[in-house]
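One structure is given here, and the rest of the page talks about it.
The values are calculated or read from the model by the stated rules, or taken from the named source; none is laboratory data. Given the structure is predicted, the values throughout are model-derived calculations rather than measurements. We place every Cβ from the backbone using ideal geometry, glycine too, and count neighbours over all the protein chains shown. Heavy atoms of the whole protein, side chains included, go into the accessibility calculation; ligands, DNA and RNA do not. Shrake-Rupley method; radii C 1.70, N 1.55, O 1.52, S 1.80 Å.
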Amino acid sequence: ENAKRIVRELRAKVTKDVTISAHHELLTPDHLLGWLASNTANLFTYYPNPHSGISSSVDWAIAAGRPFAVSPSGLFKHLHHLPIVIGYTLLKDIVKDGDRWAKELQAAWSEENFVIAFYNAIGEMPNV
């Protein structure tokens, strides 16, 4: 109920040319990716928590390839080096950058790069 209240409050504050869309139910992976890909931008607005780990929820937005923004919450500390942090970069500038950061992270976090980093961490690389 708290999430639904926050969405109602946000909808009351935005201008007529901005639409806030929110889902409160579980979506299938294909439906979630389709919904995220249909949005102008996807925002992840978690409350700051300096003692949190990192959130993988933004991975879905990266996979969808659309502009995205994150709050300064510690859940997204692995992304705070990018100009996508709400309150530090204007949303219009994040949208203007388009899919730049999603594409950059898709490349950086590719399966091939993951395998290389994994084997570098354990100190050996198999012959493939």
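List of remarks:
- Dividing the convex hull volume of the alpha-carbon atoms in the stretch 1-104 by its residue count gives 114 Å³ per residue.
- Neighbour cut-off at most 15 other Cβ (10 Å), DSSP loop, GluC sites (Glu not before Pro), the stretch 1-78: 1, 25
- Out-of-range pairs (alpha-carbon distance over 26 Å; input 13/92; 13/103; 4/96; 13/96; 77/103): 13/103; 4/96
- Largest mean-square fluctuation among 13, 96, 77, in a Gaussian network model of the chain whose springs join Cα atoms under 10 Å apart, belongs to 13.
- Here the chain has 57 percent of its accessible surface on carbon and sulfur atoms, given a 1.4 Å probe and all protein chains in place.
- Computed over the chain, the per-residue total of -39500 (n - 2.57) for DSSP H runs of n ≥ 4 gives a 222 nm mean residue ellipticity of -12000 deg cm²/dmol, rounded to 500.
- Cα gyration tensor category, rounded, prolate or oblate, for the stretch 1-44 with a/c compared to 1.5: oblate
- Summed over all non-identical Cα pairs, the Kirkwood treatment of the stretch 44-128 gives a radius of 14.2 Å.
- Per residue accessible area in Å² of the chain, where ligands, DNA and RNA are left out and the probe is 1.4 Å: 70
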